[in-house]
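> Below: one structure in structure tokens.
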Amino acid sequence: MPAIGKNNRAIALDLPGFGQSDKPLDATYSFRYFQRVLDQFVEHLGFDRLGLAVHDLGGPVGLYWACQRPQTISHLALLNTLVYPQLSWAVVAFGIACRLPGLRAVLTSKRGLSAAMRIGVNDKSKLTTEAIQGTVAPYSTWDERLALCKAGLGLSPKGLQEIQAKLGKFECPVKLVYGERDRILPDVADTMARVKRDLPQADVTTLANCGHFLQEEEPEKIGQLLAEFFANPARV
């Protein structure tokens, strides 16, 4: 964030169900729900045009929103994330686990979330106690943990199919940055290669020794790569 913020106004938001944002149990956490949230967020801040960087579950959420208004997007950056409706066995298994009460309780517990962070990095020595605590702290109650599961399950295949159909329409600069040793999204290399085919203008950087949470393993590197990308003038 500091590196990107030298030349741009840099904002990171917690989507509903995540981090410090509210975690309503009656929300659908669907693509259209998040679309309304992002519309209101952008309207509140008065943005007409913006660069967008997405990662993990924020990938399909952000891409679905951006696909409805591609003219709003000046730059698009994708880190290790879901994009297409063809899901890996790991994502399917996670979805099944989130629907089973016993496994759901384990996955969203302090121990489960800590384990997910450790699985998600290649070099565990780079995963700080602060990062783990920051991930676990927002989910201290069962309702908060249940909302996290709902947020992970609310995105429909139809939304992913719409992303697949519309992704190639982006004409803005595109940056792909991903860690190759991703155990959470083991098909990330195939996903990014497919994005490159759909968006030939995309510039690709691979990090051979990073896992899913590449920001935790190479924060300065990621910051610099994105800062340079967002600092370049966008095509209008």
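> Looking at this model, which pairs from 126/221; 6/124; 6/166; 126/166 are more than 25 angstrom apart at the alpha-carbon?
On the way: 126/221 13 Å; 6/124 30 Å; 6/166 32 Å; 126/166 37 Å.
Over 25 Å apart, Cα to Cα: 6/124; 6/166; 126/166.
> Classify segment 123-203: rounded, prolate or oblate, from the alpha-carbon gyration tensor (a ≥ b ≥ c, eigenvalue square roots; a/c under 1.5 rounded; otherwise prolate if a/b is larger than b/c)? Show your work: numbers first, answer last.
Details: a/c = 2.69, a/b = 1.49, b/c = 1.81.
Since a/c reaches 1.5 but b/c is at least a/b, the shape of segment 123-203 is classed as oblate.
> Which order do the peptides 81-92, 51-62, 216-227 take when ranked by the mean count of other beta-carbon atoms within 10 Å per residue, highest first? Don't skip to the end; give the middle numbers.
Numbers: 81-92: 16.3, 51-62: 20.7, 216-227: 18.2.
Peptide ranking by packing, descending: 51-62, 216-227, 81-92.
> Moving on to the next point. Return the lysines within reach of residue 23: Cα separation strictly under 23 angstrom, same-chain partners fewer than 8 residues apart disregarded; answer none if there are no such residues.
By straight Cα distance, residue 23 reaches 110, 150.
> Which one of 106, 121, 177 has the biggest mean-square fluctuation once the chain is modelled by GNM with Cα springs under 10 Å?
106
> Work through the residues other than residue 219 whose Cβ is under 13 Å from its Cβ and net out their charges, Lys, Arg +1 and Asp, Glu -1.
For residues surrounding residue 219, the net value is -4.
> By how many degrees, between 0 and 90 and to the nearest 10, does the Cα long axis of helix 157-166 differ from the longest principal axis of the chain?
Helix 157-166 and the main axis of the chain meet at about 10 degrees.
> So what's segment 1-71 giving for Rg/Rh, alpha carbon basis, Kirkwood Rh from the mean inverse pair distance? Intermediate values should be presented prior to the final figure.
Details: Rg = 12.7 Å, Rh = 13.2 Å.
On the Cα set of segment 1-71, Rg over Rh gives 0.96.
> A further question follows. In the chain, if every C-alpha pair distance is counted and binned at 10 Å from zero, what percent goes to each bin?
7, 32, 40, 19, 2, 0
> Determine the sum of side-chain charges near residue 163: Lys and Arg each +1, Asp and Glu each -1, restricted to other residues whose C-beta is under 14 angstrom from that of residue 163.
Working: positive: 32, 69, 158, 166, 169, 194; negative: 162, 198.
In short, +4.
> Specify the inter-centroid distance of segment 1-49 and segment 177-236, based on alpha-carbon positions, in whole Å.
The two parts, judged by their Cα centres, are 21 Å apart.
> Once every DSSP H run of n ≥ 4 in the chain is given -39500 (n - 2.57) and the sum is divided by its residues, what mean residue ellipticity at 222 nm do you get, rounded to the nearest 500 deg cm²/dmol?
On the way: 12 runs with 115 residues, N = 236.
The helix contribution divided over the chain gives -14000 deg cm²/dmol.
> Rounded, prolate or oblate: which fits segment 71-131 when a ≥ b ≥ c are the square roots of the eigenvalues of the alpha-carbon gyration tensor, with rounded for a/c under 1.5 and prolate only if a/b beats b/c?
Values: a/c = 2.26, a/b = 1.25, b/c = 1.81.
Oblate, because a/c is 1.5 or more while a/b does not exceed b/c.
FYI, it's all coordinate maths here, none of it is from the lab. Treat the numbers as computed from the prediction; the structure is a model and nothing was measured. Counting neighbours? That spans all protein chains shown, and the Cβs are built from the backbone with ideal geometry, glycine included.
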